[in-house]
1. So how much slack lies between Arg293 and Asn273, counting 0.36 nm per residue of separation and subtracting their Cα-Cα distance, in nm?
2. Relative contact order of the chain: what whole-number percent is it, with Cα pairs under 8 angstrom and at least 6 residues apart?
3. For segment 245-250, take each phi angle, set θ = phi - 60°, evaluate the Karplus expression 6.51 cos²θ - 1.76 cosθ + 1.60, and give the result in whole Hz per residue in order, putting x for glycine and proline.
4. Excluding Phe115 itself, what net charge comes from residues whose Cβ is under 13 Å from its Cβ, given Lys and Arg +1 and Asp and Glu -1?
5. Determine the sum of side-chain charges near Gly148: Lys and Arg each +1, Asp and Glu each -1, restricted to other residues whose C-beta is under 14 angstrom from that of Gly148.
6. Using +1 at the Cβ of each Lys and Arg and -1 at the Cβ of each Asp and Glu in the chain, identify which of Gly145, Met185, Ala107 lies farthest towards the dipole's positive end.
7. Could you give the distance between the Cα centres of segment 122-176 and segment 292-309, to the whole Å?
8. Could you give the length gained on full extension between Arg264 and Ala63, defined as 0.36 nm per residue of separation minus the Cα-Cα distance, in nm?
Amino acid sequence: MEGAGRMRLRSEDSGYRALYVYFFISYIARSFPALAPKLYAEKGMAEGLIGVMTSVPSLVAMAFMPLLGSLADRAPRKRTVLLFEHLLMAAACFLFGAMRTFPGMLAAATLCVIFSNASMPNAVSIALEHCGQVRKPYGPVRMIGTVGYQAGLLLSAVLLARNLDGLYPCMGAAALLAGAAACLMPAVKGHQHGRQNVRLTQLFSDSHLRWLYGIILFGTVSTQFYSSFFAKYLGDMGMSNSRISIITFLSVLLEVPFLWFGDRIKRLTNVWNWLLIGLLLNGVRWLGLALFRQTLPIVLIQTLAVTTLALFEFIPAFYLRSRVRPELLGRAQSMLTFISFGAGNVIGGMLGGLVAEKTGIAPVFAFNGAMLLLGAAALYRPTRRLIREDKENPT
């Protein structure tokens, strides 16, 4: 019996370590798209076409998110689905490098986003469930993803300093490595495997989840505009690819200490207060980006970038785990990605790009900042009601 117990503990430890390996490598792959808008600009695309390149793939990916989330929920092992998602993402990245026309590049980028977006909630679902089973913190696991993201940015600053033509092939190579790491992930099964299907509509019968997703959509539309145009914005100021990579690296630096203590920080208050704090701090951030033109002030205001991960992704993921039944958890996490990187990207990237082509990027940042500050004020009273209801009916 003691021997069996030791073997089980070693298996749990190896599964937990595998999470670190996977998150580090996969977030290297996810760092490269930060420079994609600058690549599109180097290829001669105006803001409107850049908006199409960054938003249409997300629009198409939205249609696949429920299907791929359902596949993960019904699979014998979720990591098998994760492996194929990375293999298909890598194939799309290498295909992009062979494309020379706008429709071809758009098609390849769309395939890449479909499988990249699907892999994120699947990995989070595996990690949260395994961490819960072995009673170990999820924050440090997600933190190593941020370290991988930073490593990818520094790597891109070195490899792609002269031009960005190798951006997608580098991302494809990293995706292949992430697929190999997925094979080592814990053998978490899909909770609907071999069972009757639980409809996605049950997820939205909960009014609290509708509010959660709605506030996150409102908060992340401006973030997706930033993702689509920040690199080009700095490039228009005359900054080099290396400097842009370093500024982006510094922007996510505070994610490391936050995530190390994240499991404890999230308990300081409830998810609704954290969401309001996220709206306020991002509102200040966008106003600062609209005003500043020098490197140091931009780096300082960008320290608030930690709020996007912390308050619109990390803490809501825990709320979903506590509130959603296991059979729907994979799709609930997929819906979180669907909202942030799908619907938010379509609105922020496409509509924002069309507006920016007429007004410039800075005025759109200023508008986004003002809207988030006003939105936080408008949402104060509804969130007080949600807090009371959570206390009266704890999950």
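1. Length difference between fully extended and current span is 4.0 nm.
2. Values: 583 pairs, mean separation 114.4, N = 395.
Relative contact order for the chain comes out at 29 percent.
3. Going residue by residue, I get 4, 5, 4, 5, 4, 5 Hz, with x marking Gly and Pro.
4. 0
5. Values: positive: Arg30, Arg142; negative: Glu255.
Within the 14 Å Cβ shell, the charges total +1.
6. Met185
7. Each part reduced to its Cα centre gives a spacing of 21 Å.
8. Extending this stretch completely gives an extra 68.8 nm.
The values are calculated or read from the model by the stated rules, or taken from the named source; none is laboratory data. Quick caveat, the model's predicted, so the values are computed rather than measured. Counting neighbours? That spans all protein chains shown, and the Cβs are built from the backbone with ideal geometry, glycine included. Accessible surface is based on the protein model in full, side chains and every heavy atom, while ligands, DNA and RNA are left aside. Shrake-Rupley method; radii C 1.70, N 1.55, O 1.52, S 1.80 Å.
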